[in-house]
């Protein structure tokens with residue numbers, strides 16, 4: 001039987017509607033955990049993970065190699081997910097781009113000194129925290145004028161785009177501070193060393209990584225007065241509860257088997273004071 005042009009058009013519309021409905025059903029199953037990342041990663045034996053490329057001790061790219069505490073966390077959870085660490089593709093995840101990288105599917109996970117907060121939880125899901133840092137200041141070693149956030153009025157303060165650190169200082173402590181925001185902390189370090197910046201603010205563990213670099217020893221110091229709590233989480237596509245539960249258990253395993261403390265000492269020195277493992281938060 002031959003269909004008229006009108007009937008053929010109607011049939012095409014109906015077929016497209018069924019296809020859209022089918023796709024919508026699959027998407028709902030994925031959100032409910034029927035097609036979770038933890039399952040896909042194990043089946044494919046590969047992961048793409050967003051990290052920082054310019055944070056010594058946390059996430060640092062040197063040539064073709066990657067080092068830092070976040071890298072060790074990434075390797076650990078990948079193994080638990082059934083993925084050989086050699087099959088991890090690391091992708092740079094600047095602070096301002098982390099949510100977009102996850103939403104667009106450019107990365108499976110973000111492990112990049114990524115503070116869990118309510119605003120970000122509207123866009124992505126988190127596991128953890130796997131570390132709780134505190135915001136602090138980095139200054140030149142001979143600077144005695146800057147002793148905390150309340151001594152920054154009239155000073156030039158540097159942080160990175162997409163980070164809440166500098167805005168926190170401006171809002172709560174020093175409303176006439178001059179903010180300089182760059183794409184990465186390495187640019188802030190250059191400004192601090194050449195005197196165009198008075199202080200850098202971000203999490204203490206990140207600042208300690210920069211201060212501990214051989215080229216900076218004796219030139220830079222962490223003030224040592226933390227004034228916020230920054231719980232680091234593993235970010236991934238919103239709504240994947242199965243992956244969230246799995247990653248939370250892997251983080252707890254990492255602390256319990258000693259790998260967590262070993263990774264911190266490996267990246268920050270044998271004298272690094274390892275804090276108590278943070279409690280997994282309610283999501």
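Throughout, read-outs are computed from the coordinates displayed, never taken from laboratory work. Everything numeric in this text was worked out from a predicted model, so none of it was measured. Cβ placement follows ideal geometry from the backbone for every residue including glycine, while neighbour counts extend to all protein chains displayed.
If R0 is 45 Å, what FRET efficiency do you get for residue 241 and residue 271 from their C-beta distance, rounded to 0.05?
Plugging the Cβ-Cβ distance into 1/(1 + (r/R0)^6) gives 0.70.
Report, in cubic angstrom per residue, the convex hull volume of the C-alpha atoms of the range 86-205.
Measuring per residue, one finds 127 Å³ for the Cα hull of the range 86-205.
What's the percent breakdown of Cα-Cα distances in the range 135-222 across 10 Å bins, shortest bin first?
Percent of Cα pairs in each bin: 19, 59, 21, 1.
Please report the antiparallel percentage of the DSSP beta bridges confined to the chain, to the nearest 5.
Beta bridges within the chain, antiparallel portion: roughly 60 percent.
Which angle between 0 and 90 degrees, to the nearest 10, do you get for helix 69-80 versus the longest principal axis of the chain when only C-alpha atoms count?
Approximately 30 degrees, to the nearest 10.
Within 10 Å of each residue's Cβ, count the other Cβ atoms and sort 205, 116 from fewest upward.
Arranged by neighbour count, lowest to highest, 205, 116 become 116, 205.
Nearest 500 deg cm²/dmol is fine: what mean residue ellipticity at 222 nm does the chain get from its DSSP H runs of n ≥ 4 alone, each adding -39,500 (n - 2.57), divided by its residue count? Please report the intermediate quantities before stating the final value.
Working: 10 runs with 110 residues, N = 283.
The helix contribution divided over the chain gives -12000 deg cm²/dmol.
Please give the residues of the range 70-110, grouped as numeric ranges, whose backbone N is less than 15 Å from a label point set 7 Å along the Cα-to-Cβ vector of residue 262.
72-77, 79-80
Can you give me the Kirkwood hydrodynamic radius for the range 126-168, using every pair of distinct Cα atoms, in Å to one decimal?
Taking the inverse mean of 1/r over all distinct Cα pairs, the range 126-168 comes out at 12.7 Å.
Using every pair of alpha-carbon atoms in the range 164-266, split the distances into 10 Å bins beginning at 0 and state the percent of pairs per bin, rounded to integers.
Percent of pairs per bin, in order: 11, 33, 30, 21, 5.
Show me the three semi-axes of the equivalent ellipsoid for the chain, from the C-alpha gyration tensor (sqrt of 5 times each eigenvalue), largest first, rounded to whole Å.
Those come to 42, 23, 16 Å.
Note the full-extension length gain between residue 175 and residue 79 as 0.36 nm times their separation in residues minus their Cα-Cα distance, in nm to one decimal.
Result for the pair: 29.9 nm of gain on full extension.
In degrees, nearest 10, range 0 to 90: what is the angle between the Cα axis of helix 185-194 and the longest Cα principal axis of the chain?
On a 0 to 90 degree scale, this one is about 20.
Which FRET efficiency value, to the nearest 0.05, is calculated for residue 225 and residue 96 with the Förster distance at 25 angstrom and r the Cβ-Cβ distance?
0.40
When the Cα atoms of the range 47-102 are enclosed in a convex hull and the volume is divided per residue, what value in Å³ results?
Normalising the Cα hull of the range 47-102 by residue number yields 72 Å³.
How tilted is helix 5-32 with respect to the longest principal axis of the chain? Cα atoms for both, answer in degrees (0 to 90, nearest 10).
The two axes meet at around 40 degrees.
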